[in-house]
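Values in this text are rule-based calculations from the coordinates and carry no lab data. Please read all numbers here as calculations on a predicted model, not as lab measurements. Cβ coordinates were reconstructed from backbone atoms using ideal geometry, including for glycine residues, and neighbour counts include every protein chain displayed.
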Amino acid sequence: MGPDSMPQSSRPKPAPPTPDRKQPPSCGYADTHVVKRLRPSQPGTLKLTRRYGDALVCVRYRHNADGTHRYTTVELVVDDAPVASRAHLDAIVLVRLAFTDAARRHRALAHGAKWDVERQLWQMPRRTAKKLRLAKRIVNP
């Protein structure tokens, strides 16, 4: 689900431009450490919660290495999309490998595939079949 298909109330609001705000010194943020992390509902985040709305995930207060500067950083949701389930990659599938294809059979066996005597097919997780490039050899039972 992209930002255009989200309901108006839960759509993250873009940050308004703030050209008049003073920029922090260009010392970089790599040498800072987090001194406080706050959720949007906690005291100290009211202005930022009003500004960013539901897009605000957390607020962090950081200090530079010598403790002379404090930086306020925010974590925002900028996109919301469904994630394809990876559970299907763990599903056991049946793969047909020719008896003469010893190289593929040995690789499958090395990756934990099991021979199904009744069906005369190899059993392995779909993830393994994809890893061994055997997806086109998967057989529907």
Legend entry - Approximate shape of region 50-141 as ellipsoid semi-axes (Cα gyration tensor, √5λ), whole Å, largest first: 52, 17, 9
Inset, instruction - Starting from the amide H of Val57, placed 1.01 Å from N in the peptide plane, find each other amide H under 5 Å away whose residue is 5 or more places distant or on another chain. - result: Glu75, Leu76, Val77
Inset, instruction - List the residues whose amide H sits under 5 Å from the amide H of His69, counting only those 5 or more places along or on another chain, with H placed 1.01 Å from N in the peptide plane. - result: Asn64
Inset, instruction - Order by neighbour count: Leu109, Leu48, fewest other Cβ atoms within 10 Å first, most last. - result: Leu109, Leu48
Legend entry - Under 5 Å, built H, 5+ apart or other chain: amide partners of Val93: Met124, Arg126
Legend entry - region 40-56 residues near the modelled Glu75 label - backbone nitrogen below 11 Å, point 7 Å along Cα→Cβ: 40
Inset, instruction - For a quick protection proxy, order the peptides 79-86, 96-103, 117-124 by their average other-Cβ count within 10 Å, most packed first. - result: 117-124, 96-103, 79-86
Legend entry - Ile92-Asp54 pseudo-label distance in nm [points 7 Å out on the Cα-to-Cβ vector]: 4.3
